Amino acid sequence: MSKKIVIIGGVAGGATAATRLRRLNEKDEIILFEKGEYISFANCGLPYHIGGTIKNREDLLLQTVEGMSEQYNLDIRNFSEITAIDPQKKNVSVLNHQTKETYVESFDKLIISTGAKAIIPPIEGIEQAKNVFSLRNIPNMDQIKNYIERNKVKEATIVGGGFIGLEMMENLIDLGIQVNLVEMSSQVMPNIDFELAQILHSQINLHGVNLILNDGLKAFSKQGNELILTSGKTLTTDLTILSIGVTPESSLAKEAGIDIGLRGAIKVSKKLETNYPYIYAIGDVIEVTDFVNQQQTIIPLAWPANRQGRLVADIINGFDVAYPGTQGTSVAKVFELTAASTGNSENTLKRLGIDYKSIHIHPNSHASYYPNASPIALKLLFTPDGKILGAQAVGTDGVEKRIDVISTAMKFGAKADQLASIELAYAPPYSNAKDPVNMLGYTADNLLNQKIETFDWQEIPALLEKNVYLLDVREEFELVTGELPNSHVIPLAKLRSRIDEIPKDQTIYVYCQVGLRGYNAARILMQRGYSVKNLDGGFKTYKQATYRLSTPNTNITSNQNSDIDSVDSSKLISIDACGLQCPGPILKVKETIDRMKNGETLEIQASDFGFITDIEAWCKNTGNTLIGNQLIGSKVVAKITKGTVAAHETKTHSLPSEGILHETKNGATMVVFSGDLDKALASMIIASGAAAMGKEVTIFFTFWGLSILKKQKVKKRGLAKMFDIMLPNSAKNLPISKMNMMSIGSKMMQNVMKQKNVDSLEVMIEKANNLGVKFIACTMSMDIMGIDRSELFDFVEYGGVATYLGDSEHSNLNLFI
Ligand SMILES: Cc1cc2nc3c(=O)[nH]c(=O)nc-3n(C[C@H](O)[C@H](O)[C@H](O)COP(=O)(O)OP(=O)(O)OC[C@H]3O[C@@H](n4cnc5c(N)ncnc54)[C@H](O)[C@@H]3O)c2cc1C
C-alpha cells in the first residue's frame, strides 16, 4: 500500500530523505515543504561566495524546485511554512508565503528536518544596529554581500570563533576588509584542544586579524558602529557577523508535544523516531548519541544530516537499519591551514571524567625530499587500554586525510596501537612509507607497552617550579629558537659519551624538538637504569601552545617588499628548505650563511610556519640582518643579509613572537597567590620598578591574589557566597600576613603609609597599570571561587596558565608571591 510522506525542511536532511524515499518506492506520495525560496542549496559554501572564491551564486543552488520535482516525481512546495503539527490527527498546517493561503495537509509519516537557527541574544543596542548579520541561508548571504558592496565596508567584526566564524573571517580578509574576531573562550574552534588551536591563533594573527580571546560582546553602540566588550574594551566596526552558535529549530515539535531533550533538540530513538512512531526527525534539529562517550549531545554538521536523511527513508520503507551515533568528524580551512578532528577532544574527556592518554607528533605530510612537504601537528587520545577516543590535526596538506583514516579506524573499533598496522598508500608526493597515521600507532604502542613514559606541555610550569632535571638533546644551533629554562644540553649524538654527567638519583625529563630524539635518548637512558620521561610532542608542541597573541600586522602576506626588491640580484643566494621541519631550515641557513661573504643575501623558503619566528630569533642571535620575512602563498620566504645592522639598515617586519626567544628576555613575570596587603604592596613596588626600567611586566593573579583586583562587591549565592565571606571585598580591605589582629594591623599599616607619604595600594595599582604592567586574572581560579569579571578592575585581562607561561618565557625575572 502506498504511503503519504510529508517532509518539513528542504535542504540537507530533508532533500536527501525525499530522493531516497523515491528511489525506494515509486508509488508513495512525497511532499516536501520548505519555507524559503531555495531547496537543497549548499549552505557550507555560503561564506566562500561572500569572499569571492565561489564566483557564481547559482553554483550554490544544487537543485531547483522544478528540476528536482521532475527528476524524482516529488511534490515540492517552497515558500511554504509549516506552522503547526497535529500528531493525533496526523496533519500539518501550511502557510503559503506567496499567496498568504493557509491549509492543512495530512500525512501517514512525517519527517522533521527543520535544521537549526543562529543564536542571537538580546544584546543591548542590537535593535538600533542595522549592520548586524548572521549566516544560515542564501538570503542571509545576499544581505551580507550587498551590505559590504553598498557600504564599502572597511572594518568588520566576527563574534564567535567556531567554524562559520572562522570561514567568514577568512573570506572578509580575502575582500581586503580589516577583521576583528572576538571569542569568549580562550581559543577558537572548540572541537580541537588549546595547543592545536594556538597554531590557528598564530596563523590568524599572521593575516592581520585582530584576534581577541577571553572576551565577549556586551553591547552595541553608535547604531552598531561601536562594540563594547565585556572587558570594557571598545571596537569600531562597519559590520558585525554574529556566529556564536546555533540552536535547534524545534518550536513546531515542542508545541506539538514531541519530546524535547538537550538544549531544545528533538529526542529520537536509534530508528530516528520521536515519541510518535510515525513522526521522525533528522539533522541539526535532533539530539544524538556521542559515538565515543555515549552521552546525549548536539552535533550540527552536514554528514549526520545527510546520513540520517538516507537512513530515515530506509527505516520508513521497512529496512532494519539504525543510526548508531555521531562521531563529530569535521574539517575547516583557516587561511593556509586545515584543522580537522574526530571523536572527543581532551577538553571533553576531562569534563566527563574519562581516563585517557594523549600523544602529539609532528610528521611531514609527505616525503620531505619531494617538493612542498609540510608539517602536520597530530594529536591522538585513547583510553589507558588503547581504545581510540579522538584525534585532531592542524597543518597545510594531508590533514583531513589522516583524520578520515583515524575516524574510519575508530568506527570499526581499532585500538591506538593498531594504527601502526593499517596499510596505507604510499609514494613520495603523497605520504611516507610510515604514514603519519602509522607513526601515531607506533608512538601509542610505545606508550601502551611501557617502552616510554611521557610528560606533556601542561606539566612544564610545575616541573620548572620543582627545579627538575631537564635534559635537552637537541643540537646547539637549535637553541636560538628557544629552550626551557635551566636545561642541561647534551645533543643526542653525544649522549652515550657524556652519560656520566647525568644524575641517577632523580627522574630525567628529556626533550627535543618534536619528541623523536627525546624518545631515542630516553631509550638509551632507560636501558642504563635511569628513570626518564620524554616531552610528548617535543619543544615544538610547547612552543606552539605558549604562543602569545600579537597585534595585527597587515603587511605580512603582501607579495612585494621594498627592502627585498632592493637586493642586488648578483649577491642573492636562494635555497629551498620546504619539507624540512624546524629547525631543519635553520640548519640550512646556518650552513649557507657560513659559506657566504658579508653583505651577500640569502633567500630561503620554508613550509613550516614556525620558521617565521625561528629565523627572526636566529638573526638577532647571530648578528645577521633579517631584511624580509613573509608568508607568500603557503610558504615562508625570508631574506637574510650576512652581517650586522651597522652594515645594512635593518628593517625586520614586526612579526608576532612565539614561544621562547632567549635573546629577547626583557620581561618580568609574577604569580600572586596571596591576598595579603603587605605582599600585594611588595608585588606592586617590584612590578612598577621593573616596568620603569623598561621591562614588560605581567602579573598573574590567582586564588586569594584575585582579591587585590577587586573593585566592587557583587551579590552572590551558594559556594561563591562562601568564598565571598572568606575573601576581602576590595583592595582597600586586605589583611596583612602577620599580626593582622582582626584588621587592626592592616589599618595601622595603611595609616603609617599615609603619614610617610607612601602611596596606598589602590594608587600603586593604578600607577603600575599606567606604566603598562599587564594584570592577568586567572580564569580557572575565578571560576572555582565564583568571582565575576564585573567585580574586577576594568583594565584586568583574563587568561589561563598558557597566557602566563607565554609571558614568563620572555622574562628573566619570575616571582611567586
Ligand atoms: C554557513 C554555513 C556553513 C556550513 N559549513 C559546514 C561545513 O563545512 N561542514 C559541515 O559538516 N556542516 C556545515 N554546515 C552545517 C550544515 O549545513 C548543517 O549541519 C546541515 O545543513 C543540517 O541539515 P538540516 O537538514 O538539519 O538543516 P538545514 O540544511 O538547515 O535545512 C533546514 C531547512 O528547514 C527549513 N525550515 C525550517 N522550519 C521550517 C518550517 N516550519 N516549515 C518549512 N520549512 C522549514 C529551513 O528554511 C531550512 O531550509 C554549515 C552551515 C552553515 C549555515
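The values are calculated or read from the model by the stated rules, or taken from the named source; none is laboratory data. What you see is a predicted model; the values in this text were computed from it and never measured. Cβ atoms come from the backbone with ideal geometry, glycine included; neighbour counts cover every protein chain shown. Calculation scope for accessible area: heavy atoms of the full protein, side chains included, ligands and nucleic acids excluded. Shrake-Rupley method; radii C 1.70, N 1.55, O 1.52, S 1.80 Å.
Scan the stretch 111-132 for residues that are open to solvent by less than 30 Å² (accessible area, probe 1.4 Å) and within 12 Å of the ligand (Cβ to nearest atom) and the total you get is 6.
Consider Phe477 carefully, then state whether it is surrounded by fewer than 21 Cβ atoms within 10 Å (Cβ to Cβ) and touching a strand residue (DSSP E or B) at 6+ places or on another chain (Cβ under 6 Å). For Phe477, the condition - surrounded by fewer than 21 Cβ atoms within 10 Å (Cβ to Cβ) and touching a strand residue (DSSP E or B) at 6+ places or on another chain (Cβ under 6 Å) - is not met. Residues in the stretch 289-310 that are within 13 Å of the ligand (Cβ to nearest atom) and either of a type outside the set (D, E, K, R) or touching a residue at least 60 places away in the same chain (Cβ under 8 Å) (or both): Ile298, Ile299, Pro300, Leu301, Ala302, Trp303, Pro304, Ala305, Asn306, Gln308, Gly309, Arg310. Given the condition open to solvent by less than 50 Å² (accessible area, probe 1.4 Å), within 28 Å of the chain's Cα centre (by Cα) and within 22 Å of Asp355 (Cβ to Cβ), answer yes or no: does some residue in the stretch 425-432 qualify? Taking every residue of the stretch 425-432 in turn, none turns out to be open to solvent by less than 50 Å² (accessible area, probe 1.4 Å), within 28 Å of the chain's Cα centre (by Cα) and within 22 Å of Asp355 (Cβ to Cβ).
State which residue pairs qualify: first residue among the aromatic types (Phe, Trp, Tyr) and inside the stretch 464-493, second residue modelled with pLDDT of 95 or more and buried (at least 20 other Cβ atoms within 10 Å of the Cβ) in any location, beta carbons under 9 Å apart, and separation of 6 or more residues or different chains. These pairs meet every condition: Tyr469/Ile508; Tyr469/Tyr509.
Among residues belonging to the stretch 184-198 that are surrounded by fewer than 20 Cβ atoms within 10 Å (Cβ to Cβ) and among the small types (Gly, Ala, Ser), point out the one that is farthest from Gly395 (Cα to Cα). Across the stretch 184-198, the extreme among qualifying residues is Ser185. The one condition from (1) open to solvent by 50 Å² or more (accessible area, probe 1.4 Å); (2) at positive phi that Gly786 does not meet is (1). In the stretch 692-739, the qualifying residues are those that are under 18 Å from Ile817 (Cα atoms) and more than 32 Å from the chain's Cα centre (by Cα), and the one that is surrounded by the fewest Cβ atoms within 10 Å (Cβ to Cβ) is Lys738. The condition (being within 16 Å of the ligand (Cβ to nearest atom), open to solvent by less than 10 Å² (accessible area, probe 1.4 Å) and either without any contact (Cβ under 8 Å) to a residue 12 or more places away in the chain or more than 26 Å from the chain's Cα centre (by Cα) (or both)) is satisfied by just one residue among Ile138, Ile158, Ile144: Ile138.
Please enumerate the residues belonging to the stretch 763-779 that are open to solvent by 10 Å² or more (accessible area, probe 1.4 Å), in contact (Cβ under 8 Å) with a residue 24 or more places away in the chain and of a type in the set (A, V, I, L, M). Of everything in the stretch 763-779, those that are open to solvent by 10 Å² or more (accessible area, probe 1.4 Å), in contact (Cβ under 8 Å) with a residue 24 or more places away in the chain and of a type in the set (A, V, I, L, M) turn out to be Met764, Leu771. Write out, first by first residue and then by second, each pair whose Cβ atoms fall under 9 Å of each other, whose residues are 6+ apart or on separate chains, and whose first residue, in the stretch 739-755, is over 15 Å from Asp676 (Cβ atoms) while the second is among the hydroxyl-bearing types (Ser, Thr, Tyr) and surrounded by 11 or more Cβ atoms within 10 Å (Cβ to Cβ). Here the result reads Lys754/Ser760, each pair linking the stretch 739-755 to a residue that is among the hydroxyl-bearing types (Ser, Thr, Tyr) and surrounded by 11 or more Cβ atoms within 10 Å (Cβ to Cβ). Total residues in the stretch 341-370 satisfying the condition of being of a type in the set (D, E, K, R), within 11 Å of Leu389 (Cα to Cα) and not in a loop (DSSP other than H, G, I, E, B): the figure is 2. If you filter the stretch 223-279 down to residues that are within 16 Å of the ligand (Cβ to nearest atom) and among the charged types (D, E, K, R), you find that the one that is farthest from Pro324 (Cα to Cα) is Glu255. Among the residues making up the stretch 315-334, those that are touching a helix residue (DSSP H, G or I) at 6+ places or on another chain (Cβ under 8 Å) and within 16 Å of the ligand (Cβ to nearest atom) are Tyr323, Thr326, Gln327, Thr329, Ser330, Val331, Ala332, Lys333, Val334. Listed by position, the strands (runs of 3 or more DSSP E) inside the stretch 1-87 whose residues that are open to solvent by less than 30 Å² (accessible area, probe 1.4 Å) number at least 3 are 4-8, 29-33, 80-86. Scanning the stretch 33-52 for residues that are within 7 Å of the ligand (Cβ to nearest atom) and farther than 30 Å from Lys109 by Cα turns up Leu46, Pro47.
It is to be established whether one or more residues within the stretch 542-564 are outside any loop (DSSP other than H, G, I, E, B), open to solvent by 60 Å² or more (accessible area, probe 1.4 Å) and at pLDDT 85 or above. First the steps, then the outcome.
In the first step, residues of the stretch 542-564 are kept if they are outside any loop (DSSP other than H, G, I, E, B); the result is 542-545, 562-564.
Filter again for open to solvent by 60 Å² or more (accessible area, probe 1.4 Å), leaving 562.
Filter once more, keeping what is at pLDDT 85 or above: none.
Among the residues of the stretch 542-564, not one is outside any loop (DSSP other than H, G, I, E, B), open to solvent by 60 Å² or more (accessible area, probe 1.4 Å) and at pLDDT 85 or above, which makes the answer no.
Counting only residues that are open to solvent by 10 Å² or more (accessible area, probe 1.4 Å) and within 13 Å of Gly643 (Cα to Cα), how many does the stretch 593-624 have? Final tally of qualifying residues: 13.
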